[in-house]
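Colleague: This is the structure, below, for whatever I ask next.
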Amino acid sequence: MHIPAFLLLCLFAFWLACTRVIFGYSSELFPLIWNLVLAMMPFFFAFWFVTIRSSLRWIFFPLWILFLPNSFYIVTDFIHLYDDTRLIYFDIIFILTCTIAGIVTGFASIDLIRRYFHGKKRVFLGWSIVIFSIFLSTFGVYIGRFFRFNSWDIFTDPLHVIWEIMESIATNGMAVTIHSESRLFESERFSVGVMGMWQFILLYGSFFLLLYLFIYAVKKEKGLL
């Protein structure tokens, strides 16, 4: 990841957020900046995993897996486009900027992990982790968007997280008992509709995987790997 270019993209997103508040008189989409901050965390966890030389590095691998969905979650924030149609064309650029930044930092973290295992001559394991992490992250996006869980809920409310995940797997996401009134309200607002959980994971997971493979192929062709 080209750090200066990425930081410039993030600064542009922050400028758009502030501009929307000042001139659009609306702060409804300002939380996307927090989503972008969360999207960066997997990169730091992956970086610490590959750079720390002691066995402590393995603390960061599960944290990387746990927070990776945040990097891809922002793509679902396009549902907010119609919250205020006066600003829809401004919001398209704002959400798109945050989405690109999130995907970039997510892919950069995956690439760090892949390169680490490739360096250990474990190429098959590296690519297996790439595929597994992308589809698992898509599942994380699903339960984050439609069940309204956060990454840290596994620590603060593990029983409900596990129970609702088991229900979603058993029912293809169509019949889940949400144990919080606030989450239930938001879940109904962002309802997945006719698309089941597995269809969502296949659709979005395939998109992210193909995009990653495309970027990988371009970098390999240009000798950047």
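Colleague: Working carefully through the options T85, T99, find the one that is free of Cβ contacts under 8 Å to residues at least 40 places away in the same chain and surrounded by 19 or more Cβ atoms within 10 Å (Cβ to Cβ).
Modeller: Going through T85, T99 in turn, the sole match is T99.
Colleague: Any residue in region 102-123 that is assigned to a helix (DSSP H, G or I), surrounded by fewer than 17 Cβ atoms within 10 Å (Cβ to Cβ) and under 18 Å from the mean Cα position of the chain (by Cα)?
Modeller: no
Colleague: If we scan region 119-130, do we find a residue that is of a type in the set (K, R) and in contact with a helix residue (DSSP H, G or I) (Cβ under 7 Å, 6 or more places away or on another chain)?
Modeller: No.
Colleague: What residue, among those in region 22-69 that are among the aromatic types (F, W, Y) and crowded, with 21+ Cβ neighbours inside 10 Å, is nearest to D153 (Cα to Cα)?
Modeller: Here the residue is F67.
Colleague: Still on this structure: The conditions are (1) assigned to a helix (DSSP H, G or I); (2) at pLDDT below 75; (3) not small (G, A, S), and T177 fails exactly one of them. Which is it?
Modeller: The single condition T177 does not satisfy is (1).
Colleague: Are there any pairs, at least 6 apart or on different chains, whose C-beta atoms fall under 6 Å, with the first in region 133-154 and within 20 Å of F107 (Cα to Cα) and outside any helix (DSSP H, G or I) and the second of a type in the set (A, V, I, L, M, F, W, C) and modelled with pLDDT of 90 or more, and if so, which?
Modeller: If the second residue must be of a type in the set (A, V, I, L, M, F, W, C) and modelled with pLDDT of 90 or more, the pairs left are S151/L66; S151/F67.
Colleague: Still on this structure: Identify all residues within region 180-216 that are modelled with pLDDT under 90, exposed (fewer than 13 other Cβ atoms within 10 Å of the Cβ) and assigned to a helix (DSSP H, G or I); write none if there are none.
Modeller: Hits for region 180-216 are E181, S182, F185, E188, R189.
The values are calculated or read from the model by the stated rules, or taken from the named source; none is laboratory data. Please read these numbers as outputs of a predicted model, since none were measured by experiment. Reconstructed Cβ throughout: ideal geometry from the backbone, glycine too, with neighbour counts over all protein chains shown.
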